[in-house]
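Please read the structure below before turning to the comments.
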Amino acid sequence: MIIPQHIIDELIDQAKKDAPNESCGYLLGTSTDEGDIVTENYWMENIDHSSEHFSFAPKDQFAALRYARSNGHKILANWHSHPASPSRPSQEDLRLANDPTIRYAILSLLDGEPKLNSFKILNGEVVDKEVHL
């Protein structure tokens, strides 16, 4: 999955703004012969307001899906931040990753050095990792 730098910058800015709580949203874009290309960050409120986990409001998820479809985009990834832990799925992340068609991107702000990785998760296990930052 290709994530342009300006979108990575948006994720970092949003995660810093939402810290110490986790920030979250969807990465929207298109699929091409070269792979998936992210064209937009669709931020959603973390309704848990927690530094250790996140949840989307169902109405926000439906709105994101309608928005993506109406603009010719696909939901390529679910993303969230880890304000004080590494860019890797927690046990809860693995347990809740139930869509095998998308990637799961995690932005770490640990030690002031942002790191962004995305993962393909199947049956609660990471089967692929891509480093984006």
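The values are calculated or read from the model by the stated rules, or taken from the named source; none is laboratory data. Please read these numbers as outputs of a predicted model, since none were measured by experiment. Glycine also receives a Cβ, built like all others from the backbone with ideal geometry; neighbour counts cover every protein chain displayed. Just the protein is used for accessible areas: all its heavy atoms, side chains included, with ligands, DNA and RNA removed. Shrake-Rupley method; radii C 1.70, N 1.55, O 1.52, S 1.80 Å.
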Over the chain, what is the mean sequence separation of C-alpha contacts under 8 Å (at least six apart), divided by residue count, expressed as relative contact order in percent?
21 percent
Checking the cross-link filter: which lysines have an alpha carbon closer than 29 Å to that of LYS115, excluding same-chain neighbours under 8 positions apart?
LYS16, LYS17, LYS74, LYS129
Taking the Cα centre of the chain as the origin, how large is its charge dipole in debye, to the nearest 20, when only Lys and Arg (+1) and Asp and Glu (-1) carry charge on their Cβ atoms?
280 debye
Gyration tensor (Cα) of the chain, equivalent ellipsoid semi-axes in angstrom:
20, 17, 16
Rounded to whole Å², per residue accessible area for the chain with a 1.4 Å probe reads 54 Å²
Compute the separation of the alpha-carbon centres of segment 94-133 and segment 1-28 and state it in Å as a whole number.
13 Å
Using modelled backbone amide H atoms (1.01 Å from N, in-plane), which distant-in-sequence or interchain residues come within less than 5 Å of THR39's amide H?
LEU28, GLY29, THR30
Can you find, among SER70, ASN46, PHE56, the residue sitting farthest towards the positive end of the charge dipole of segment 44-85, where Lys and Arg contribute +1 and Asp and Glu -1 at Cβ?
SER70
Counting only protein heavy atoms with a 1.4 Å probe and every protein chain in place, the carbon and sulfur fraction of the accessible surface of the chain in whole percent equals 50 percent
Per residue of segment 10-25, in order, report the coupling 6.51 cos²θ - 1.76 cosθ + 1.60 (Karplus, θ = phi - 60°) as ³J(HN,Hα) in whole Hz, putting x for Gly and Pro.
4, 4, 4, 4, 5, 5, 5, 5, 7, 4, x, 7, 5, 9, 7, x
Under 12 Å Cα-Cα from LYS120, which aspartates and glutamates qualify once same-chain neighbours fewer than 8 residues away are excluded?
ASP93, ASP99, ASP128, GLU130
